[in-house]
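To start, the structure under review is shown below, and the notes come after it.
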Amino acid sequence: MNHISRIEIPIPFPIRSVNVYFIEDSIPTLIDGGFHSKEGLTLVENALREKGVRLSDIKRVLLTHGHLDHVGLAGRIQQSGGAEVFIHPRDTDKCIWNIETYAEKKKAPFLRFFREGGLPENIVESISGQMDARFQSFFPGDFAVKDLEIGKKIAFDTFTLEVIHCPGHTRGSVCFFDRENKRFFSGDHLLEKITSNPVVELETRENGNGYKSLSHYLESLEVTAHLDIAQVLPGHGSPFRGHRKRIEEIKKHHRSRRGEVLRVLDSPSMTRDGMNLFEITMAVFPELRAWDIFLGMSEILGHLEILQEKGLIDVRMVSGRHLYRAVNH
Ligand SMILES: [Zn+2]
């Protein structure tokens, strides 16, 4: 039986830590690449050393998605021993950070999203500075990735992992399922203590291709609920059991949040013309500051898209901003 160890790496975000899983195998493999920091690198190296393995012995890194706390050290690992790094093609753009195209490709779509959502200019400026600081501190470097194929079975000495596409948290989020042993590496798709954020996909939104993060996320949850899973090995927090119960809790959470959004738009204090995304976000989450405002806006936008699909709200473009209102207004 291949042995699997969880390496927990602290991260400077509210979620506090991220997991890397090391699979002892004739092709030593990591699931996710941890966080790009000195501490992160030392923790991974030390955990591997206890198993008699060096960083350069890692030959394969399977990424659940392209967020920087999951990709972080993949480039460093590839440099040291030539590991192959795999990611779903829809998340490749997220994990390749090019210093020359950062401002135009990574940052500009965020700033457009904030301004269109009605975020005051002083907050846009402060988040913009925060993005630059993050980019400089955690830049994971250039490295080569290969495409993960959906449904493909990845062979280990004593088991196989199946690639399951679970779009929602990101467009290219995948989970790795060991069907035989009922183990499910969930990345950020399914977490025990935190409701995973279906983050808005700015590029595809601007291309108008119709991808809607929260709707896709809820569909992916249905797919997951049908799998026969005994143990979830998540991207954050400890492994847990009872995936169906957890999925029901998450669905309930989203239903109640959607009700909250509708109540805000239905409230007598709302102007006749409607509210912009930032105003609705702050009405639901008044305590949000800085970068967390983006995550709040992402989540609220997901609910607005569903409410609009259901015909409960309408949206108009007024002076370059979308304004939302309940249909009975
Ligand atoms: Zn993530």
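The values are calculated or read from the model by the stated rules, or taken from the named source; none is laboratory data. Since the model is a prediction, treat every value here as computed from it, not as a measurement. Ideal geometry is used to build each Cβ from the backbone, glycine not excepted, and the neighbour counts take in all protein chains shown. Surface areas here come from the heavy atoms of the whole protein model, side chains and all, with no ligands, DNA or RNA. Shrake-Rupley method; radii C 1.70, N 1.55, O 1.52, S 1.80 Å.
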Which members of the stretch 19-42 meet the condition of being buried (at least 20 other Cβ atoms within 10 Å of the Cβ) and assigned to a helix (DSSP H, G or I)?
G40
Within the stretch 82-97, which residues are outside any helix (DSSP H, G or I), open to solvent by 10 Å² or more (accessible area, probe 1.4 Å) and either out of contact with any strand residue (DSSP E or B) (no Cβ under 9 Å at 6 or more places or on another chain) or under 23 Å from M131 (Cβ atoms) (or both)?
G82, I96, W97
Criterion (open to solvent by 20 Å² or more (accessible area, probe 1.4 Å), closer than 30 Å to V318 by Cα, at pLDDT below 90 and away from the ligand (no atom under 16 Å from the Cβ)) met by exactly one of A108, A103, A133:
A103
Residues of the stretch 230-289 satisfying the condition of being over 21 Å from R115 (Cβ atoms), acidic (D, E) and not in a helix (DSSP H, G or I)
E287
For the stretch 268-284, what are the residues that are without any contact (Cβ under 8 Å) to a residue 12 or more places away in the chain and of a type in the set (S, T, N, Q)?
S269, T271
Could you go through the stretch 236-253 and let me know if any residue there is buried (at least 18 other Cβ atoms within 10 Å of the Cβ) and in contact with a Gly (Cβ under 8 Å, 6 or more places away or on another chain).
no
Would you be able to tell me the number of residues in the stretch 184-205 that are at pLDDT 95 or above, crowded, with 20+ Cβ neighbours inside 10 Å and more than 10 Å from the ligand (Cβ to nearest atom)?
4
Filtered residues of the stretch 274-320 (kept if of a type in the set (D, E, K, R) and touching a strand residue (DSSP E or B) at 6+ places or on another chain (Cβ under 6 Å)):
R316
Considering only the stretch 304-315, I want to know if a residue exists there that is without any contact (Cβ under 8 Å) to a residue 24 or more places away in the chain, surrounded by 13 or more Cβ atoms within 10 Å (Cβ to Cβ) and either within 24 Å of V174 (Cα to Cα) or within 16 Å of the ligand (Cβ to nearest atom) (or both).
no
For the stretch 206-224, which positions are closer than 23 Å to D32 by Cβ and either modelled with pLDDT under 95 or open to solvent by less than 20 Å² (accessible area, probe 1.4 Å) (or both)?
S213, Y217, S220, L221, T224
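Table: residues versus (1) of a type outside the set (S, T, N, Q); (2) over 17 Å from the mean Cα position of the chain (by Cα); (3) within 16 Å of the ligand (Cβ to nearest atom); (4) surrounded by fewer than 23 Cβ atoms within 10 Å (Cβ to Cβ).
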residue: S56; (1), (2), (3), (4): no, yes, no, yes
residue: L68; (1), (2), (3), (4): yes, no, yes, yes
residue: V71; (1), (2), (3), (4): yes, no, yes, no
residue: S80; (1), (2), (3), (4): no, yes, no, yes
residue: R112; (1), (2), (3), (4): yes, yes, no, yes
